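The values are calculated or read from the model by the stated rules, or taken from the named source; none is laboratory data. Please read these numbers as outputs of a predicted model, since none were measured by experiment. Cβ atoms come from the backbone with ideal geometry, glycine included; neighbour counts cover every protein chain shown.
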Amino acid sequence: MALKPEVLTALSSLKTREEIHEAFDFLKQISSAQRQQVALTAIATGAIRVGMRVTFPAKHGQILTGLVTKLNRTTATVKADQIPGIASPNPFYAQNWRVSISILKAA
(Lines give C-alpha, C1' and ligand atoms only; values in the text may rest on other atoms or scores of the structure.)
Protein backbone atom coordinates (compact mmCIF):
# COMPACT_ATOMS: atom_id res chain seq x y z
CA MET A 1 0.00 0.00 0.00
CA ALA A 2 1.48 3.35 -1.04
CA LEU A 3 1.24 6.25 1.37
CA LYS A 4 -0.04 9.63 0.22
CA PRO A 5 2.65 12.32 -0.24
CA GLU A 6 1.25 14.42 2.60
CA VAL A 7 1.49 11.44 4.96
CA LEU A 8 5.09 10.82 3.95
CA THR A 9 5.89 14.50 4.52
CA ALA A 10 4.30 14.43 7.96
CA LEU A 11 6.17 11.25 8.91
CA SER A 12 9.50 12.62 7.71
CA SER A 13 8.98 15.71 9.88
CA LEU A 14 9.11 13.56 13.05
CA LYS A 15 12.60 14.03 14.47
CA THR A 16 12.74 12.71 18.01
CA ARG A 17 11.83 9.34 19.43
CA GLU A 18 9.22 11.07 21.61
CA GLU A 19 7.51 12.61 18.55
CA ILE A 20 7.40 9.20 16.87
CA HIS A 21 5.87 7.58 19.97
CA GLU A 22 3.27 10.36 20.27
CA ALA A 23 2.32 9.92 16.61
CA PHE A 24 2.07 6.14 17.04
CA ASP A 25 -0.16 6.53 20.13
CA PHE A 26 -2.39 8.93 18.22
CA LEU A 27 -2.76 6.45 15.34
CA LYS A 28 -3.65 3.66 17.79
CA GLN A 29 -6.40 5.85 19.28
CA ILE A 30 -7.84 6.53 15.82
CA SER A 31 -7.77 2.81 14.98
CA SER A 32 -9.49 1.92 18.25
CA ALA A 33 -12.21 4.53 17.65
CA GLN A 34 -12.83 3.18 14.14
CA ARG A 35 -13.16 -0.42 15.43
CA GLN A 36 -15.56 0.75 18.12
CA GLN A 37 -17.67 2.59 15.53
CA VAL A 38 -17.86 -0.55 13.35
CA ALA A 39 -18.95 -2.59 16.36
CA LEU A 40 -21.60 -0.10 17.47
CA THR A 41 -22.98 0.08 13.94
CA ALA A 42 -23.20 -3.72 13.74
CA ILE A 43 -25.10 -3.84 17.02
CA ALA A 44 -27.41 -0.91 16.16
CA THR A 45 -28.37 -2.32 12.76
CA GLY A 46 -29.00 -5.78 14.19
CA ALA A 47 -26.22 -7.29 12.09
CA ILE A 48 -24.94 -8.93 15.29
CA ARG A 49 -27.21 -9.85 18.20
CA VAL A 50 -27.36 -12.28 21.11
CA GLY A 51 -28.47 -15.74 19.99
CA MET A 52 -27.08 -15.33 16.48
CA ARG A 53 -24.83 -18.00 14.97
CA VAL A 54 -21.58 -16.51 13.71
CA THR A 55 -18.23 -17.49 12.27
CA PHE A 56 -14.87 -15.95 13.10
CA PRO A 57 -11.20 -16.68 12.49
CA ALA A 58 -9.23 -18.12 15.43
CA LYS A 59 -5.66 -17.04 16.12
CA HIS A 60 -4.18 -19.82 14.01
CA GLY A 61 -6.37 -19.22 10.97
CA GLN A 62 -9.07 -21.80 11.66
CA ILE A 63 -12.63 -20.59 11.09
CA LEU A 64 -14.80 -21.30 14.14
CA THR A 65 -18.58 -21.27 14.40
CA GLY A 66 -20.51 -20.45 17.52
CA LEU A 67 -23.40 -18.73 19.24
CA VAL A 68 -23.27 -15.13 20.47
CA THR A 69 -24.07 -15.20 24.20
CA LYS A 70 -23.18 -11.63 25.20
CA LEU A 71 -22.52 -8.27 23.51
CA ASN A 72 -20.30 -5.51 24.83
CA ARG A 73 -19.40 -2.23 23.13
CA THR A 74 -16.64 -3.68 20.93
CA THR A 75 -16.55 -7.40 21.69
CA ALA A 76 -18.92 -10.33 21.76
CA THR A 77 -18.74 -13.49 23.82
CA VAL A 78 -19.17 -16.46 21.49
CA LYS A 79 -19.67 -20.05 22.63
CA ALA A 80 -17.73 -21.93 19.97
CA ASP A 81 -18.93 -25.27 18.63
CA GLN A 82 -15.41 -26.66 18.47
CA ILE A 83 -11.93 -26.04 19.80
CA PRO A 84 -8.88 -26.01 17.52
CA GLY A 85 -7.03 -29.33 17.77
CA ILE A 86 -10.10 -31.45 18.62
CA ALA A 87 -11.12 -33.48 15.59
CA SER A 88 -14.83 -34.02 16.28
CA PRO A 89 -16.97 -31.27 17.76
CA ASN A 90 -18.32 -32.26 21.15
CA PRO A 91 -20.75 -30.05 23.09
CA PHE A 92 -18.88 -30.82 26.31
CA TYR A 93 -15.78 -29.18 24.86
CA ALA A 94 -17.50 -25.91 23.91
CA GLN A 95 -15.44 -22.88 24.81
CA ASN A 96 -16.23 -19.20 25.20
CA TRP A 97 -14.26 -16.76 23.07
CA ARG A 98 -14.16 -12.98 23.43
CA VAL A 99 -14.12 -11.74 19.85
CA SER A 100 -14.02 -8.31 18.24
CA ILE A 101 -17.43 -7.63 16.69
CA SER A 102 -15.74 -6.29 13.58
CA ILE A 103 -14.51 -9.79 12.59
CA LEU A 104 -17.78 -11.67 13.17
CA LYS A 105 -19.80 -12.87 10.21
CA ALA A 106 -23.29 -14.36 10.25
CA ALA A 107 -23.17 -18.15 9.84
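Being of a type outside the set (Phe, Trp, Tyr), more than 15 Å from residue 102 (Cα to Cα) and free of Cβ contacts under 8 Å to residues at least 24 places away in the same chain is a description that does not apply to residue 46.
For residue 41, state whether it is among the β-branched types (Val, Ile, Thr) and more than 30 Å from residue 106 (Cα to Cα). Answer is no for this residue. Could you check, for the stretch 87-99, whether at least one of its residues is modelled with pLDDT of 90 or more and loosely packed, with under 12 Cβ neighbours inside 10 Å? Among the residues of the stretch 87-99, at least one is modelled with pLDDT of 90 or more and loosely packed, with under 12 Cβ neighbours inside 10 Å, which makes the answer yes.
Show the residue pairs that are 6+ apart or on different chains and have beta-carbon atoms under 8 Å apart, the first residue being within the stretch 7-35 and in contact (Cβ under 8 Å) with a residue 40 or more places away in the chain, the second being loosely packed, with under 11 Cβ neighbours inside 10 Å and of a type in the set (A, V, I, L, M). Here the result reads none, with nothing in the stretch 7-35 linked to a residue that is loosely packed, with under 11 Cβ neighbours inside 10 Å and of a type in the set (A, V, I, L, M). Taking only the stretch 1-55 into account, find how many residues are among the basic types (Lys, Arg) and surrounded by fewer than 11 Cβ atoms within 10 Å (Cβ to Cβ). Here the count works out to 4.
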